[in-house]
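Read-outs throughout are calculated quantities, based only on the coordinates presented, and are distinct from any laboratory measurement. Everything numeric in this text was worked out from a predicted model, so none of it was measured. Counting neighbours? That spans all protein chains shown, and the Cβs are built from the backbone with ideal geometry, glycine included.
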Amino acid sequence: GEDEAARLWLDAGSGPGVSSYGVCRGHKDEVVRVSWHPTSKILATASADGSVGVWRVAQPGVEASATTHDPDSGATALVDKLEGHPDQVYGCIFVGDGDGGGPMLATAAGTDLHLWDLERA
């Protein structure tokens with residue numbers, strides 16, 4: 001959103017409404033697009049600051065934290081920041097095999113198109 005963050009909400013299913021699950025902070029301008037990896041364990045956030053954040057997301061009911069290095073880190077952990085876009089990143093999508101492999105496609109303003117191999121980024 002306009003506060004430079006993306007918020008995650010958890011729908012408990014049988015309970016009333018949704019509850020806050022985590023916040024992805026780390027951009028210098030508003031988050032304009034998000035994309036879930038097919039495994040639902042990784043989230044990408046595209047920002048007007050020209051970068052894409054790649055986040056590890058703890059699985060509700062399975063993991064207490066997004067990172068084993070810091071058990072108190074919460075539900076999200078920034079694992080990579082993809083920079084080098086000339087302007088606002090207005091789109092991002094994961095492409096690949098759906099098993100954690102494969103690159104992410106990020107599209108910037110104008111005609112620039114970046115294809116990132118997340119295993120090498």
Can you give the FRET efficiency to the nearest 0.05 for Asp117 and Asp11, using r as the Cβ-Cβ distance and R₀ = 41 Å? 0.80
At Tyr90 and Glu30, where each label point lies 7 Å from the Cα along Cα→Cβ, what is the point-to-point distance in nanometres? 1.4 nm
